[in-house]
Amino acid sequence: MATKTYEFERWAVEQIKEARTKLATEISKVIIGQENVIEQLCIAVLSGGHCLITGAPGLAKTLLVKSLAQLFHLQFQRIQFTPDLMPADITGTEILQQTDKERKMVFVKGPVFANMILADEINRTPPKTQAALLEAMQEHHVTAAGVCHALSEPFYVFATQNPIEMEGTYPLPEAQLDRFMFNIWVDYLPEDQEVSVVRQTTTVDPEPIKQIFTGEDIMRFHDVVRKVPVAEDIVRYAVRIAAASRPGDSNPLSYVNEWVTWGAGLRASQYMILGGKARALLHGRSHVNFEDIRELAYPVLRHRILINYRAEAEGITVESLVDRLLDSIKESK
């Protein structure tokens, strides 16, 4: 049994390593640039984590998530969040069904019953509906009339937010934001890449994306990712970064106490390590290094550190604060 497990893990590591080039090739058919964004999304898929995607309109966030679902042969559903959306609109509801013989209550599944959910503009719907989706994210099931209905596996929620227009929105509370593995920032493209996008999207339709993996493959990859070894020094490094972001009397970093209202919790270090394992495999390594942690500190901490008004007045952003944290925390004691 141990031999079979080893053979499978070796096969999976080689598959993931080779898949990185294939993923880039297939994604480039419809998406130009955004290499870091694509890598972070792939890390989340291999790790089994949910993502918050922040960016201005028109940056192909929906197309990117839909393309990933096609690559991994996952059932995709897009839910447009609006102020009048109710929890039952996404989870499903019971209806009375009448046949020739009887009348009975039947549960009709909502759009959340898919493998990959794009929650478009999640901050445009009231907290009650947000909470229904976030509960499904955490529990991987929906409860209706006291009956639990399991969601399809694997199950991912990629939620988008528009950082520009905040009027009429319902920002997610910090405790709910913490459920997302990454907050991925999608920025504007450089001029040359934007020219390529305009040329590509104003001619013929792009070549269709080919499937690389199946949902069953991804479920097996989740197990492989968790078995990637991590040295204790690297785990301690991730823990020290997360702990250093928390203000308090015991924190020796004066700028954290001055600028931060609330720091990252335990999930931050967990996701830095889990994401580091998936990143190591994508880069053809069977172990996690310090670079993996440093690269993933930004998407992991971006939505977990709450800066105060003093930091905003001084032009301090979460990104610049993470920069300082990485400069302050040494890789080993």
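Bear in mind these aren't lab numbers, they're just calculated from the coordinates by the rules spelled out. Owing to the predicted nature of the structure, the values given are computational and were not obtained by experimental measurement. All Cβ positions, even for glycine, are placed from backbone atoms using ideal geometry, and neighbour counts span all protein chains on display.
Details
- Most mobile listed residue (D100, D120, D89) in the chain, GNM with C-alpha springs under 10 Å: D100
- Listed residues A244, N308, G284: farthest to the positive end of the dipole of segment 229-328 (Cβ charges): G284
- Normalised contact order of segment 229-328, rounded percent, pairs of Cα under 8 Å and 6 or more residues apart: 32
- Convex hull volume per residue in cubic angstrom - Cα atoms of the chain: 188
- Set of lysines near K109 by C-alpha distance (under 23 Å), chain-local residues within fewer than 8 positions excluded: K66, K128
- Among P247, P299, P163: highest mean-square fluctuation, GNM of the chain, C-alpha pairs under 10 Å: P163
- In terms of overall dimensions, segment 39-140 has a Cα radius of gyration and Dmax of 16.0, 55 angstrom.
- Note on the chain: with charges restricted to the Cβ of Lys and Arg (+1) and Asp and Glu (-1), its dipole about the Cα centre is near 840 debye.
- Counting all C-alpha pairs of segment 229-328, share separated by more than 24 Å (%): 22
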